[in-house]
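K.L.:
Following this message is one structure expressed as structure tokens.
The values are calculated or read from the model by the stated rules, or taken from the named source; none is laboratory data. Just so you know, these numbers come straight off a predicted model, no measurement behind them. Glycine also receives a Cβ, built like all others from the backbone with ideal geometry; neighbour counts cover every protein chain displayed. SASA here: full protein model, heavy atoms, side chains in, ligands and nucleic acids out. Shrake-Rupley method; radii C 1.70, N 1.55, O 1.52, S 1.80 Å.
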Amino acid sequence: MSDLLNLSDVQLAAERISSYVHRTPIMTSSTLDEQVGKHLYFKCENFQKVGAFKFRGAINAVSQLDLESRPVVVTHSSGNHAQALSLAAKLKCVQAIIVMPRTAPHCKRAAVLGYGASIVSCEPTEQSREATKDAEIARLRTCGRNGEYISTSQDARVIAGQGTVALEMLEDVKQLDSIIVPVGGGGLLGGVGLTAKSLNPQIKVIAAEPVNAADCYNSVKSGQRQPLLEPPQTIADGLRVSVGVVAWPYVKKYVDDVILVSEQEIKDAMKLVWERMKLVIEPSAAVAVAAALTQQFRDQYSDLKHVGVVLSGGNVDLSKLPWADM
Amino acid sequence: CTRRLVDAMSVAGYAADFKAIHEACARLAPLIHRTPVLTSRTLDERVGRSVFLKAESLQKTGAFKIRGALNAVLQLKESNSDVRGVATHSAGNHGQALAAAARKCQLSCTVVVPNTAPQAKVDAIRGYGATVVFCDPTPQSRKATCERVCSETGQVFISPYDNNDVIAGQGTLGVEFIEQVADLDAIVVPVSGGGLLAGVALAAKSLKPHIKIFAAEPTGKDLERCLRAGERLWPEPPRALDTIADGLRTQQLGQLTWPIAKDLVDQTVLSVSDAETVDAMKFVFERMKLVVEPSGAVPVAAVLSDRFRSLSSDIRKVGLVISGGNVSVDKLPWMRTK
């Protein structure tokens, strides 16, 4: 376990990325506070570059590459990590290749291309994504280029970058006694957990997860990583992956609990934040808000009074809002 | 030149002055949010200048109106401890703000609302404990109904814009903006009755006499013609504009706000269509992750216009007042099926 990151890795990441990232604000809402009977502190990563916290991990990873070797960064993602890596690569004058399912929406392809990255299409299966990514790296090698795979969450550099979210939260709100974090692959959860517990061992780190994608819940309860066997059906499109191998040790060590929320709770929480806080957040971000609003959270954690909630991103398709009539 | 302008402003006999605005800042500080200023690389590229958005959509009650309403109610209570309550006529945000301010100060409140106002705004007003009375969507009906309410209830009328303390309250936004962004060359303000425009112009020009204040209006308000002529050229009786910007439907400026606008606001008025407003609104949702109502997006549409682009390149840093975010997310304009 000596391979695990520690706080200084996250602090170094913070220095490394500070000139690239926005130090996003913390917002509060008296309406939501009244609803839960606690003080909630929302970290607005929807205001982050590319509209999601993912940019932190991406720029931290790309900033550590040996630019002399003219690396080409490669990943497979159609979501926020794809955009994040594309922008990070552009800022560091590094070429980026994004492997994306051919079924990815036009707007996601356009965003990545807009940042100057190239796209290689694959079939919309896990197998094809991996194989195509590997093929790209092999192809680059035969051209004498250095292909560097930067995973969306299963990479220590990425996890350290995500941890900077907690550094900022704890600097801005010294009285935080807990942080609620949405969980997919576990990069954000792992980074935030490590950082928060290192700064304050008493702080509670709580994962928020769709009940339809409850691999983190099952894993934490059993103590064994239990990835989902099928792609889950959830509106939280950023959380459809299972906690991965690299992130799992951090989740296992630093996470106190996992709260599950239903699809309806996610939609309701998203609408509530849009309407009351006037913030555009995506369903994955709403998962954390939904967890804070559950009776379970109120009953089980009545002692927690100052709760940080990570609003992880705000990239939504405006033509397909969950509450719109179809 | 600086000294002369400030002196001129203080003898001009405007409804508010910098002293009143400055006092309002202190009075309101514990009660309102000092809203953030946000930027967007994409917007800067499209506009060709550095753009700063003051996000009053994140203000208490979801719009800047709480500044004027609270300042007026606090001042009223201070000067008249017997006051029973307050009343107004409003398409929404001022009504909500007054209701919230009245509740804060433990006064009763009635709001006269045009029967075309969005349901979200009506619900919000009631949510703050105020009584809603409906009227026809004409300025005359608003005024007459409100007069009747005041005489029946004894509540004091607080105008959405023609009130010294309301104007001074809105002016606090200008003070904050100038404090938050060094070297602003211009501020673009959405305009209806002119309370925000007048307040921000007074504040900004007092602090930076050479700053330009641009009004942004829905097409049909015709403010530029009035400003250039130095006269109120609007037709009588007062009309409501047909615009998606439901907070900007009053065609005429108020009696107190007009003299201030005439003197301090740039004669180039930026006029935007519904289509431009909706595009700008969508841009703000997508790129800035802010829920903004059509009126609040009008300044964004204004700086994206050809007219603004053709303005002097001396205007390098421009502030936009994103006035509010009270819109029903069930009925966003691009969701409507025709």
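K.L.:
Assess whether B:SER328 counts as being within 14 Å of chain A (Cβ to nearest Cβ), open to solvent by less than 20 Å² (accessible area, probe 1.4 Å), touching a Pro at 6+ places or on another chain (Cβ under 9 Å) and more than 15 Å from B:LEU38 (Cβ to Cβ).
P.N.:
So B:SER328 fails the test.
K.L.:
Filter the stretch B:117-158 down to the residues that are within 14 Å of chain A (Cβ to nearest Cβ) and among the aliphatic types (A, V, I, L, M) and list them by number.
P.N.:
Across the stretch B:117-158, the qualifying residues are B:ALA120, B:ALA124.
K.L.:
When you go through A:LYS267, A:LYS253 one by one, which is the residue that is in contact with a Phe, Trp or Tyr (Cβ under 7 Å, 6 or more places away or on another chain) and either part of a helix (DSSP H, G or I) or among the aromatic types (Phe, Trp, Tyr) (or both)?
P.N.:
Only one candidate passes the filter, namely A:LYS267.
K.L.:
Here is a follow-up. Counting only residues that are among the polar types (S, T, N, Q) and part of a loop (DSSP other than H, G, I, E, B), which one in the stretch A:1-14 is most open to solvent (accessible area, probe 1.4 Å)?
P.N.:
Filtering the stretch A:1-14 for residues that are among the polar types (S, T, N, Q) and part of a loop (DSSP other than H, G, I, E, B), the one most open to solvent (accessible area, probe 1.4 Å) comes out as A:SER2.
K.L.:
All but one of (1) more than 14 Å from every other protein chain (Cβ to nearest Cβ); (2) touching a residue at least 24 places away in the same chain (Cβ under 8 Å); (3) farther than 21 Å from A:HIS306 by Cα hold for A:GLU68, so report the exception by its number.
P.N.:
Condition (2) is where A:GLU68 drops out.
K.L.:
For the stretch A:268-326, which positions are within 14 Å of chain B (Cβ to nearest Cβ), over 21 Å from B:LEU58 (Cα atoms) and buried (at least 24 other Cβ atoms within 10 Å of the Cβ)?
P.N.:
A:SER284 - this is the single residue of the stretch A:268-326 that is within 14 Å of chain B (Cβ to nearest Cβ), over 21 Å from B:LEU58 (Cα atoms) and buried (at least 24 other Cβ atoms within 10 Å of the Cβ).
K.L.:
In the stretch A:162-184, which residue that is assigned to a helix (DSSP H, G or I) and over 26 Å from A:ILE235 (Cα atoms) is most open to solvent (accessible area, probe 1.4 Å)?
P.N.:
Within the stretch A:162-184, the match that is most open to solvent (accessible area, probe 1.4 Å) is A:GLU171.
K.L.:
Moving to a separate point now. Applying the selection to the stretch B:263-293, what residues are farther than 21 Å from B:ALA204 by Cβ, away from chain A (no Cβ under 14 Å), buried (at least 19 other Cβ atoms within 10 Å of the Cβ) and not β-branched (Val, Ile, Thr)?
P.N.:
B:SER271, B:GLU276
K.L.:
Suppose we keep only residues that are open to solvent by 20 Å² or more (accessible area, probe 1.4 Å) and of a type in the set (Gly, Ala, Ser) within the stretch B:45-64. Which one would you say is farthest from the chain's Cα centre (by Cα)?
P.N.:
B:GLY48
K.L.:
Any idea which residue in the stretch A:217-244 is farthest from A:PHE53 (Cα to Cα), counting only those that are at pLDDT 95 or above and among the charged types (D, E, K, R)?
P.N.:
A:LYS221
K.L.:
Here's something else I'd like to know. What's the total number of residues in the stretch A:15-66 that are part of a loop (DSSP other than H, G, I, E, B) and aliphatic (A, V, I, L, M)?
P.N.:
Count: 2.
K.L.:
With in contact (Cβ under 8 Å) with a residue 12 or more places away in the chain and either in contact with a Ser or Thr (Cβ under 8 Å, 6 or more places away or on another chain) or closer than 24 Å to B:GLU78 by Cα (or both) as the only criterion, which of B:PHE214, B:PHE177 stands out?
P.N.:
It is B:PHE214.
K.L.:
While we're on this one: Can you run down the residue pairs with Cβ atoms below 9 Å, 6 or more apart or on separate chains, where the first is in the stretch B:13-41 and closer than 19 Å to A:MET27 by Cα and within 14 Å of another protein chain (Cβ to nearest Cβ) and the partner is of a type in the set (S, T, N, Q) and open to solvent by less than 60 Å² (accessible area, probe 1.4 Å)?
P.N.:
B:ILE32/B:GLN59; B:ILE32/B:THR172; B:HIS33/B:GLN59; B:THR35/B:SER57; B:THR35/B:GLN59; B:THR39/B:SER50
K.L.:
Continuing with this model, one more query. Of A:ASP299, A:ASP303, which residue is within 21 Å of A:SER30 (Cα to Cα) and part of a helix (DSSP H, G or I)?
P.N.:
On inspection, the qualifying residue turns out to be A:ASP299.
K.L.:
Sort out which residues of the stretch A:219-239 are in a loop (DSSP other than H, G, I, E, B) and surrounded by fewer than 10 Cβ atoms within 10 Å (Cβ to Cβ), and write them in order of number.
P.N.:
Answer for the stretch A:219-239, where residues must be in a loop (DSSP other than H, G, I, E, B) and surrounded by fewer than 10 Cβ atoms within 10 Å (Cβ to Cβ): A:GLY223, A:LEU229, A:GLU230.
K.L.:
Can you pull out every residue in the stretch A:68-88 that is over 17 Å from A:GLU136 (Cα atoms) and open to solvent by less than 10 Å² (accessible area, probe 1.4 Å)?
P.N.:
Those that are over 17 Å from A:GLU136 (Cα atoms) and open to solvent by less than 10 Å² (accessible area, probe 1.4 Å): A:HIS81, A:ALA84, A:LEU87, A:ALA88.
K.L.:
From A:GLU136, A:GLU148, which residue is open to solvent by 10 Å² or more (accessible area, probe 1.4 Å), modelled with pLDDT of 95 or more, touching a strand residue (DSSP E or B) at 6+ places or on another chain (Cβ under 9 Å) and part of a strand (DSSP E or B)?
P.N.:
Being open to solvent by 10 Å² or more (accessible area, probe 1.4 Å), modelled with pLDDT of 95 or more, touching a strand residue (DSSP E or B) at 6+ places or on another chain (Cβ under 9 Å) and part of a strand (DSSP E or B) holds for just one of A:GLU136, A:GLU148, which is A:GLU148.
K.L.:
I'm checking my understanding of the structure. Among residues of the stretch B:65-88 that are touching a strand residue (DSSP E or B) at 6+ places or on another chain (Cβ under 7 Å) and open to solvent by less than 20 Å² (accessible area, probe 1.4 Å), which one is nearest to B:ASP185 (Cα to Cα)?
P.N.:
Per the stated criteria, the residue is B:VAL73.
K.L.:
Hey, A:LEU40 hits all of (1) more than 24 Å from A:ALA131 (Cβ to Cβ); (2) out of contact with any Lys or Arg (no Cβ under 9 Å at 6 or more places or on another chain); (3) open to solvent by 10 Å² or more (accessible area, probe 1.4 Å) but one; which does it fall short on?
P.N.:
(3)
K.L.:
Does A:LYS108 satisfy the condition of being in contact (Cβ under 8 Å) with a residue 24 or more places away in the chain, more than 14 Å from every other protein chain (Cβ to nearest Cβ) and open to solvent by 10 Å² or more (accessible area, probe 1.4 Å)?
P.N.:
Criteria not met by A:LYS108.
K.L.:
I've got another one for you. Can you list the helices (runs of 4 or more DSSP H) found entirely within the stretch B:256-338 that contain at least 3 residues being charged (D, E, K, R)?
P.N.:
Hits in the stretch B:256-338: B:274-283, B:306-309.
K.L.:
Residues in the stretch B:247-255: is at least one under 30 Å from B:ALA168 (Cβ atoms), within 14 Å of chain A (Cβ to nearest Cβ) and either free of Cβ contacts under 8 Å to residues at least 12 places away in the same chain or out of contact with any Asp or Glu (no Cβ under 9 Å at 6 or more places or on another chain) (or both)?
P.N.:
No: zero hits.
K.L.:
Based on what the data block shows, is B:VAL200 open to solvent by 20 Å² or more (accessible area, probe 1.4 Å) and either out of contact with any His (no Cβ under 7 Å at 6 or more places or on another chain) or not aromatic (Phe, Trp, Tyr) (or both)?
P.N.:
Taking the combined requirement at face value, the residue does not satisfy it.
K.L.:
The conditions are (1) open to solvent by 20 Å² or more (accessible area, probe 1.4 Å); (2) away from chain A (no Cβ under 14 Å), and B:VAL321 fails exactly one of them. Which is it?
P.N.:
(1)
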